[in-house]
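Taken together, the values in this text are just the output of simple stated rules run on the coordinates, not laboratory data. On a predicted model such as this, the values are computed, not experimentally measured, just so you know. Glycine gets a Cβ as well: all are built from the backbone with ideal geometry, and neighbour counts include every protein chain shown.
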Amino acid sequence: MDYVFRGDASLLQNISDATNVIEFVTSPNNPDGQLNKANVQGPNAKAIYDRVYYWPHFTAIPTPANDDIMIFAISKLTGHAGSRFGWAVVKDESVFQKMAMYTLIDSMGISRDAQLRALKVLNVVLEGGGKDIFEFGYNTMRKRWEKLSNVLSVSNRFSLQKFAPKHCTFFKKTREPSPAYAWVKCEREEDKDCYAVLKEEANVYGLRGSQFGAEDRFVRLALIRSQDDFDLLLQRLNQLVLEEKSSAKLFCPRFEDKLATSTRLNITKRS
């Protein structure tokens with residue numbers, strides 16, 4: 001059977017129930033962190049859910065993941081990206097058998113060394129009930145998001161994706177956002193390439209919006225790097241925003257400054 005990649009499923013139109021569709025759903029989405037659902041419905045529509053970021057340190061967990069096909073990776077759970085180890089949860093046994101056969105043929109199986117490393121890492125995660133890593137991860141990511149939001153909130157040139165507090169069934173409380181990435185938008189009309197703007201003016205590197213099917217007015221910044229990397233990112237963005245505000249004052253003095261100038265002129269005129 002031949003398959004054709006059709007791009008963004010939300011843009012598909014005139015899809016009949018007879019059309020075979022396999023939709024790949026990233027939830028939370030990379031890069032904006034939104035919890036997506038499948039767009040295409042029908043008897044011949046199937047969805048594969050990418051749950052790589054569906055962990056309490058990146059998003060509130062509204063409900064337990066319970067999709068027909070879900071894929072996960074240890075890289076975003078524990079940060080061990082170099083292991084290249086992931087797993088799938090598949091409800092239909094016949095689909096599972098086909099996936100297992102494909103994986104065997106495509107990659108000659110899974111590295112035993114990677115499996116052993118993943119097992120040891122997961123055993124450490126499970127010590128003490130398994131909640132410590134999520135509490136640490138959530139608190140770290142929440143604080144990073146708060147700091148970045150505070151810096152960019154005073155800017156008219158840059159904006160961030162919006163999140164509202166959500167109830168998390170894992171923590172059993174309403175919690176604040178803690179996304180893995182910042183989805184930054186350059187608001188000025190002339191800043192059509194946000195990647196170039198941040199690179200040239202702040203020495204900040206991200207990924208262009210076009211790499212995610214969006215405009216290059218957007219850029220993705222990673223918040224999951226080391227603490228030193230994040231501190232440097234925050235420092236450079238803060239300096240960029242300070243320069244923006246200083247420039248704005250040169251071209252548009254505050255009302256108080258205008259009032260003081262006007263008062264001085266009136267006094268001079270009277271004398």
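Round to a whole angstrom and tell me the spacing of the C-alpha centers of the stretch 95-125 and the stretch 165-189.
Cα centroid to Cα centroid, the span is 31 Å.
Hand me the tally of lysine pairs in the stretch 9-128: alpha carbons under 24 angstrom apart, and the pair either on different chains or 8 or more positions apart. If you can, show how the numbers build up before the last one.
Details: Lys37/Lys46; Lys37/Lys76; Lys37/Lys91; Lys46/Lys91; Lys46/Lys98; Lys76/Lys91; Lys76/Lys120.
So the count works out to 7.
Report the calculated FRET efficiency for Phe96 and Leu119 (r = Cβ-Cβ distance, R0 = 22 Å), to the nearest 0.05. It would help to have the intermediate numbers written out before the result.
On the way: r = 21 Å, r/R0 = 0.94.
Calculated value: 0.60.
Would you compute, for the Cα atoms of the chain, the largest minus smallest coordinate along each principal axis and list the three values in descending order, in whole Å?
Result, largest extent first: 95, 52, 36 Å.
Compactness ratio of the stretch 132-255: Cα Rg over 2.2 N^0.38 Å, N = residue count? Intermediate results must be reported in sequence, preceding the final value.
Working: Rg = 15.8 Å, N = 124, 2.2 N^0.38 = 13.7 Å.
In units of the 2.2 N^0.38 Å rule of thumb, it is 1.15.
For the stretch 132-221, which chymotrypsin sites (Phe, Trp or Tyr not before Pro) are in a loop by DSSP, counting at most 14 other Cβ atoms within 10 Å?
Tyr205
Need the list of lysines near Lys173 for cross-linking: C-alpha distance under 17 angstrom, and skip anything on the same chain fewer than eight residues off.
Partners found: Lys131.
Tell me the trypsin sites (Lys or Arg not before Pro) within the stretch 25-55 that lie in a loop according to DSSP and have at most 15 other beta-carbon atoms within 10 Å.
Numbers: sites: Lys37, Lys46, Arg51; in loops: Lys37, Arg51.
Filter output for the stretch 25-55: Lys37.
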